[in-house]
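Quick notes on the structure that follows.
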Amino acid sequence: MFEKLLFKLINMNPNWIVAIGTAILAFVAWRQLNKLNRTLKINSLMAVLELESEMFRKKEKYEETVSSYKMMEMGLNIGDSVYISVKKEDIKSALENYLYSLNRLCYCIKNKPILEDKDWKLEFHELISAVVDENKECFDVSLPKYPNIIYINKKWNSE
C-alpha cells in the first residue's frame with residue numbers, strides 16, 4: 001500500500017507535489033500563529049489585570065488617607081490646622097495616583113481590545129461613572145488630565 005502511494009507521488013506532476021507541500025506548510029503555519037495569538041492575548045490580559053490590581057491598591061490607599069483625615073479632623077484642636085492641610089495634600093496625591101491608574105486601564109480598554117468592549121463595560125462602567133461623578137473637578141474637558149477615562153465614560157454612557 002505504502003509502495004503504491006510512494007510510486008504515485010514519484011510519478012506525479014511536480015507542480016502537484018509543490019502545491020500539496022505548500023498547503024501542508026500553510027496549515028502548520030496557521031496553527032502556530034493561532035497558538036501565538038492566544039498566548040499574546042493571555043499576556044495582554046495579564047498586563048491589564050496587573051494594572052487593575054495596581055489601581056485597586058491605589059484606591060485602597062486613597063480611602064485609607066481619606067478615612068484617617070476625617071478621623072483626625074474630628075479630634076484635632078484649632079492649633080493643628082497645619083496637620084490638617086498636610087493631610088489634605090495626602091488625599092489629593094492619593095486620588096491623583098488612583099486616577100492615573102484608572103486612566104491607564106481605560107487606555108488599555110480603548111486601544112488594546114483584548115476582550116470585547118462590552119465585557120469591560122460590564123466590569124467597569126459603574127466604577128468609572130462613579131469616579132467621574134465623585135471627582136468632577138478632576139475631569140475638566142477643556143484641560144483633560146485623564147483623557148482615557150473621559151473617553152471611555154462618554155462612550156459607555158452614550159451606549
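The values are calculated or read from the model by the stated rules, or taken from the named source; none is laboratory data. Predicted model only: the values in this text are computed from it and were never measured. Cβ sites come from the backbone with ideal geometry, for glycine too, and all protein chains shown count toward neighbours.
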Notebook entry, point to check: What residue, among those in segment 24-58 that are of a type in the set (Phe, Trp, Tyr) and over 17 Å from the mean Cα position of the chain (by Cα), is farthest from residue 111 (Cα to Cα)?
Noted result: 27
Notebook entry, point to check: Are any of the residues in segment 111-132 farther than 12 Å from residue 149 by Cα, in a helix (DSSP H, G or I), modelled with pLDDT of 75 or more and of a type in the set (A, V, I, L, M, F, W, C)?
Noted result: yes
Margin query: Whether any residue in segment 137-145 is at pLDDT 90 or above and either surrounded by fewer than 18 Cβ atoms within 10 Å (Cβ to Cβ) or in contact with a helix residue (DSSP H, G or I) (Cβ under 9 Å, 6 or more places away or on another chain) (or both) is what I want to check.
Written below: no
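Residues are listed down the side, and each one gets a yes or a no for (1) within 29 Å of residue 150 (Cα to Cα); (2) surrounded by 11 or more Cβ atoms within 10 Å (Cβ to Cβ); (3) modelled with pLDDT of 80 or more; (4) β-branched (Val, Ile, Thr):
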| position | (1), (2), (3), (4) |
| --- | --- |
| 17 | no, yes, no, yes |
| 25 | no, no, yes, no |
| 32 | no, no, yes, no |
| 37 | no, no, no, no |
| 57 | yes, yes, yes, no |
| 61 | yes, yes, yes, no |
| 87 | yes, yes, no, no |
| 94 | yes, yes, yes, no |
| 97 | yes, yes, yes, no |
Check: Within segment 71-82, can one find any residue that is assigned to a helix (DSSP H, G or I), over 25 Å from the mean Cα position of the chain (by Cα) and either among the acidic types (Asp, Glu) or at pLDDT 75 or above (or both)?
Finding: yes
